[in-house]
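Novice: Got a structure for you, written out below as structure tokens; questions coming shortly.
The values are calculated or read from the model by the stated rules, or taken from the named source; none is laboratory data. These numbers were taken from a predicted model, which means no experiment stands behind them. All Cβ positions, glycine included, derive from the backbone under ideal geometry; neighbour counts span all protein chains shown.
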């Protein structure tokens, strides 16, 4: 394509534009893009993600819009349209040719995150009763543009039900008069059109495949999902989970491209929930005000003790969230996780508790603070309070972290919402209760009445 | 393969074994595997990950070991050998045929996480001066087993330097007397054999490719990396990052398959570091003991205030860690992140601070605790201390979270080590200092002398 712009001022290189991209606004991007040579523009456009493509196309004149939309295979095109504002979308769809428009409407009917929304509806199809020579001749006649998935041909019956698959290589190697039926592989991994993309990703990882055919509930072939699309899916799903684990809503766009207030909104929600839940720590401490007045030293250790619960909880929750996402843990495994984690919590808590006791004892001998009578007259007792509390708090934090993802999943929510900050906040409140209860129990008769 | 076992007792189904797998020990797995029919065993073996395959093969008799090792393409075989204990590895390598052994030695010379360790050294090669007909004939003669990458043929010169690529489909569509040189695509995405697998993954995601050829420093073709392997890489890298973000060392194996003490070791390291760093909070509070004695109410809000710093920090660090892993942020972008995050921190802190002030004021009017003179006579002042501290702590926590990944990367460490618990612990200590400093400043002359 030779636009006027690139003939007048073909000064921008792909490398320059790629570098400047994250800091340019939409107008600047369109401007820069239109100053690429046509070959560079094509290279650059095909590198972009759907969101960027959508913004770019929206900013171009109609003639160029049509050109760029047609440069994309239907699955990528559907992604771009999904990122386009509703009112623009219909106008862009009207620019497509009839066949593509039909394909796109089918794809857009699926949600973005299911197999049907991910598949390419163009694929090479054969009939089982063809000979290999007929099949090769037939495939050669199919125009290049209509078929993206160039590695396999799928064998369908008259009702479009999927019978088998044959690679181009297998066709080339087979005898010309053999039947497709006898050459094709019949033992296929397929996915349902409504399968969630995360599950599709797990199948690709499990079977190390380059392409999986998509069928509907009646076994009729709908399209093909290829491994290159799954690379993107796996990255996106992990990004979402990581952002949720950090206590943010999923950004759904690259970090530098999220506007300030958009970013604010994605982060503010959980922060408010956590802050309000955090006020329970104020009530907990207030409840134990009397104990705190009598043994002031207890205040010193509050943050240390409750944060050890939060740390153990973050570990447990992230391990469980990830194992669930990878399909290693199912809902019914909660009992095994519970047993494993209670043991882990006790062991880790025991270690930290021992460390806490040792630190208090060491502090007694090192500390140059002789007026601190509480510490020096009862240092073993105080060390024991710290140690025992840490065991309790760490075990409890581990439990909360390990089981919260199961509870969320059971309620139909995303297990990744069991973020490190949420687990820490939940274990802070109970941590304080555990700490003061242990103190009251162990210090009664000595430092407490 | 018909082993004696599966003729005697072919009772185990693939589905059963798949279900029981996570709870079986190594002996049980070998036992179960040997009771599959040979077709099932092959299906099952090809589903397994490298670690499982290594354990299984190690437990089989030598004749079967040889069989199963030969069932794998060289890149997968190298992965299995890498998971095998050193002393076993040499013995297993000795079971291979000469050609495979040579390939494997080359692959094992690369680290597991670089392109060379990931590639398949078997690929179809052509010479540029061949005609299309000659090329097709030549490819047909190459035995099926030697070539896994069945979609592209790579065109090399006499020194094995990569000149271009042609798909089987393009060959089939081209005129028989055309030269390969004229049919092949010359504009190739390639990777260096030493490139880190995370960077290779980014290239696959950027260009949506199914295969990328690997070349050495002299441009000589070494092998092919395919998208199905990259799906695994992207999952593994994300798993590592998520586990590190949660404050654990990377597990390197499925959650349920990590033994108790192994799991303990992976988690204990960071917990000890965090606990010991956490004792700085004890020193900080001790330092402000006098202030705390005079205004006891300050103790109530300690956990709430410092955790708001940790929460803001977790958000910032996970966003930055992920953006770095996706290649959206480079080291030199730290300044832009700094500016964005200081603004975000102030805005989020301002929101939380306002919330804190409102909560203290509300508490004054609702609280049925008239003896609490500190609160009721100076509630606006106290609310201001809370509000201002939260602004400071949240902004500081956000800064720590946003910049720590850059600092770690600058030092050559993994940015993902800026875990949520580490950021929380670091911002706890400074959070206390900010809180008490604000209190001393604002309460001087009223609640403080």
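Novice: If I ask for residues that are closer than 21 Å to residue A:345 by Cα and not in a helix (DSSP H, G or I), which ones from the range A:404-449 would you list?
Specialist: Those that are closer than 21 Å to residue A:345 by Cα and not in a helix (DSSP H, G or I): A:418, A:419.
Novice: Just to check your reading of the model, which residue among B:182, B:241, B:187 is in a helix (DSSP H, G or I) and without any contact (Cβ under 8 Å) to a residue 24 or more places away in the chain? Give the derivation first.
Specialist: Working: B:241 fails: without any contact (Cβ under 8 Å) to a residue 24 or more places away in the chain; B:187 fails: in a helix (DSSP H, G or I).
Just one listed residue meets the conditions, B:182.
Novice: For residue A:302, are the conditions met, namely being within 7 Å of chain B (Cβ to nearest Cβ) and surrounded by 24 or more Cβ atoms within 10 Å (Cβ to Cβ)? Show your work before the answer.
Specialist: Details: within 7 Å of chain B (Cβ to nearest Cβ): yes; surrounded by 24 or more Cβ atoms within 10 Å (Cβ to Cβ): yes.
Judged against the criteria, residue A:302 is a match.
Novice: Among (1) modelled with pLDDT under 95; (2) part of a helix (DSSP H, G or I); (3) surrounded by fewer than 24 Cβ atoms within 10 Å (Cβ to Cβ), which single condition is residue A:327 missing?
Specialist: (2)
Novice: Out of the range A:191-202, which residues are surrounded by fewer than 18 Cβ atoms within 10 Å (Cβ to Cβ) and outside any helix (DSSP H, G or I)?
Specialist: Hits for the range A:191-202 are A:192, A:194, A:196.
Novice: Failed condition for residue B:233, given (1) at the interface with chain A (Cβ under 7 Å from one of its Cβ atoms); (2) more than 26 Å from residue A:345 (Cα to Cα), with all others met?
Specialist: (1)
Novice: Select from the range A:345-354 the residues that are within 13 Å of residue B:272 (Cα to Cα) and touching a residue at least 24 places away in the same chain (Cβ under 8 Å) and list them in ascending order.
Specialist: Applying the first criterion (within 13 Å of residue B:272 (Cα to Cα)) to the range A:345-354 yields A:347-354.
A:348, A:349, A:350, A:352, A:353, A:354, listed by residue number.
Novice: Further, regarding this structure: So how many residues does the range B:38-54 have that are touching a residue at least 24 places away in the same chain (Cβ under 8 Å), farther than 21 Å from residue B:258 by Cα and surrounded by fewer than 18 Cβ atoms within 10 Å (Cβ to Cβ)?
Specialist: Residues flagged as touching a residue at least 24 places away in the same chain (Cβ under 8 Å), farther than 21 Å from residue B:258 by Cα and surrounded by fewer than 18 Cβ atoms within 10 Å (Cβ to Cβ) within the range B:38-54 amount to 4.
Novice: Oh, and also: Residue A:315 fails exactly one of the following numbered conditions: (1) more than 9 Å from chain B (Cβ to nearest Cβ); (2) crowded, with 17+ Cβ neighbours inside 10 Å. What is the number of that condition?
Specialist: (1)
Novice: Restricting to the range A:162-172, and then to whatever is in contact with a strand residue (DSSP E or B) (Cβ under 9 Å, 6 or more places away or on another chain) and in a helix (DSSP H, G or I), can you tell me which residue is nearest to residue A:193 (Cα to Cα)?
Specialist: Only one residue fits best here, namely A:168.
Novice: From B:69, B:118, grab the single residue that is under 28 Å from residue B:210 (Cβ atoms) and away from chain A (no Cβ under 14 Å).
Specialist: Working: B:118 fails: away from chain A (no Cβ under 14 Å).
Answer to the check: B:69.
Novice: Could you grab me the full set of residues in the range A:246-262 that are in a helix (DSSP H, G or I), touching a helix residue (DSSP H, G or I) at 6+ places or on another chain (Cβ under 6 Å) and without any contact (Cβ under 8 Å) to a residue 40 or more places away in the chain? Before you say what the answer is, go through the steps one by one.
Specialist: Here is the first cut: in the range A:246-262, the residues in a helix (DSSP H, G or I) are A:255-257, A:260-262.
With touching a helix residue (DSSP H, G or I) at 6+ places or on another chain (Cβ under 6 Å) added as a condition, the list becomes A:255-256.
Of everything in the range A:246-262, just one residue is in a helix (DSSP H, G or I), touching a helix residue (DSSP H, G or I) at 6+ places or on another chain (Cβ under 6 Å) and without any contact (Cβ under 8 Å) to a residue 40 or more places away in the chain, namely A:255.
Novice: It is to be established whether one or more residues within the range A:201-210 are in contact with a strand residue (DSSP E or B) (Cβ under 6 Å, 6 or more places away or on another chain), at pLDDT 90 or above and either more than 9 Å from every other protein chain (Cβ to nearest Cβ) or under 26 Å from residue A:254 (Cβ atoms) (or both).
Specialist: Kept after step one, since they are in contact with a strand residue (DSSP E or B) (Cβ under 6 Å, 6 or more places away or on another chain), are these residues of the range A:201-210: none.
Looking for residues that are in contact with a strand residue (DSSP E or B) (Cβ under 6 Å, 6 or more places away or on another chain), at pLDDT 90 or above and either more than 9 Å from every other protein chain (Cβ to nearest Cβ) or under 26 Å from residue A:254 (Cβ atoms) (or both), one finds none in the range A:201-210, hence no.
Novice: So, residue B:423, is that one crowded, with 24+ Cβ neighbours inside 10 Å, within 13 Å of another protein chain (Cβ to nearest Cβ) and within 18 Å of residue A:310 (Cα to Cα) or not?
Specialist: Numbers: crowded, with 24+ Cβ neighbours inside 10 Å: yes; within 13 Å of another protein chain (Cβ to nearest Cβ): yes; within 18 Å of residue A:310 (Cα to Cα): yes.
Answer is yes for this residue.
Novice: If you go through the range B:275-291, how many residues are at the interface with chain A (Cβ under 7 Å from one of its Cβ atoms) and either touching a strand residue (DSSP E or B) at 6+ places or on another chain (Cβ under 7 Å) or surrounded by fewer than 21 Cβ atoms within 10 Å (Cβ to Cβ) (or both)?
Specialist: Taking the range B:275-291 as the starting set, the residues that turn out to be at the interface with chain A (Cβ under 7 Å from one of its Cβ atoms) are B:275, B:278-279, B:281-282, B:285-286.
Okay, now just the ones that are also either touching a strand residue (DSSP E or B) at 6+ places or on another chain (Cβ under 7 Å) or surrounded by fewer than 21 Cβ atoms within 10 Å (Cβ to Cβ) (or both), so B:279, B:286.
The total comes to 2.
Novice: Give the range A:148-159 a look and list any residue that's modelled with pLDDT of 90 or more and either farther than 29 Å from residue B:43 by Cβ or part of a loop (DSSP other than H, G, I, E, B) (or both), or say none.
Specialist: So the first thing to find is which residues in the range A:148-159 are modelled with pLDDT of 90 or more, and the list is A:154-159.
Across the range A:148-159, the qualifying residues are A:157, A:158, A:159.
Novice: Return the only residue of B:215, B:225 being more than 11 Å from every other protein chain (Cβ to nearest Cβ) and surrounded by 24 or more Cβ atoms within 10 Å (Cβ to Cβ). Even if it seems obvious, please write down each step before you answer.
Specialist: Values: B:215 fails: surrounded by 24 or more Cβ atoms within 10 Å (Cβ to Cβ).
B:225 is the lone residue from the list that is more than 11 Å from every other protein chain (Cβ to nearest Cβ) and surrounded by 24 or more Cβ atoms within 10 Å (Cβ to Cβ).
Novice: Taking helices (runs of 4 or more DSSP H) that do not extend beyond the range A:1-101, which have at least 2 residues that are out of contact with any helix residue (DSSP H, G or I) (no Cβ under 8 Å at 6 or more places or on another chain) and either at pLDDT below 90 or under 30 Å from residue B:333 (Cβ atoms) (or both)?
Specialist: Working: elements: A:4-8, A:14-20, A:26-34, A:38-47, A:50-58, A:62-70, A:74-82, A:86-93.
It comes to A:4-8, A:14-20, A:26-34, A:38-47, A:62-70, A:86-93.
Novice: Out of the residues in the range A:129-147 that are surrounded by fewer than 16 Cβ atoms within 10 Å (Cβ to Cβ) and either closer than 14 Å to residue A:172 by Cβ or at pLDDT 85 or above (or both), state the one that is farthest from the other protein chains (Cβ to nearest Cβ).
Specialist: Among them, the one singled out is A:129.
Novice: Taking the criterion of being assigned by TED's automatic domain parsing to the domain that holds residue B:426 and more than 22 Å from the chain's Cα centre (by Cα), would at least one residue in the range B:322-334 satisfy it? Spell out the reasoning first.
Specialist: Step one: filter the range B:322-334 for residues assigned by TED's automatic domain parsing to the domain that holds residue B:426, giving B:322-334.
Keeping just the survivors that are more than 22 Å from the chain's Cα centre (by Cα) gives B:332.
Yes: the range B:322-334 contains one or more residues that are assigned by TED's automatic domain parsing to the domain that holds residue B:426 and more than 22 Å from the chain's Cα centre (by Cα).
Novice: Just to be sure before I move on: is residue B:322 within 7 Å of chain A (Cβ to nearest Cβ), over 23 Å from residue A:254 (Cβ atoms), in contact with a helix residue (DSSP H, G or I) (Cβ under 6 Å, 6 or more places away or on another chain) and crowded, with 17+ Cβ neighbours inside 10 Å in the structure I sent?
Specialist: On the way: within 7 Å of chain A (Cβ to nearest Cβ): yes; over 23 Å from residue A:254 (Cβ atoms): no; in contact with a helix residue (DSSP H, G or I) (Cβ under 6 Å, 6 or more places away or on another chain): yes; crowded, with 17+ Cβ neighbours inside 10 Å: yes.
Spelling it out, it is not the case that residue B:322 is within 7 Å of chain A (Cβ to nearest Cβ), over 23 Å from residue A:254 (Cβ atoms), in contact with a helix residue (DSSP H, G or I) (Cβ under 6 Å, 6 or more places away or on another chain) and crowded, with 17+ Cβ neighbours inside 10 Å.
Novice: Look at residue B:384 and say whether it is in contact with a strand residue (DSSP E or B) (Cβ under 8 Å, 6 or more places away or on another chain) and assigned to a helix (DSSP H, G or I). Spell out how you get there, then give the answer.
Specialist: On the way: in contact with a strand residue (DSSP E or B) (Cβ under 8 Å, 6 or more places away or on another chain): no; assigned to a helix (DSSP H, G or I): yes.
No.
Novice: Is one or more of the residues making up the range B:207-222 assigned to a helix (DSSP H, G or I) and not assigned by TED's automatic domain parsing to the domain that holds residue B:306?
Specialist: Step one: filter the range B:207-222 for residues assigned to a helix (DSSP H, G or I), giving B:207.
Okay, now just the ones that are also not assigned by TED's automatic domain parsing to the domain that holds residue B:306, so B:207.
Yes, that holds for at least one residue.
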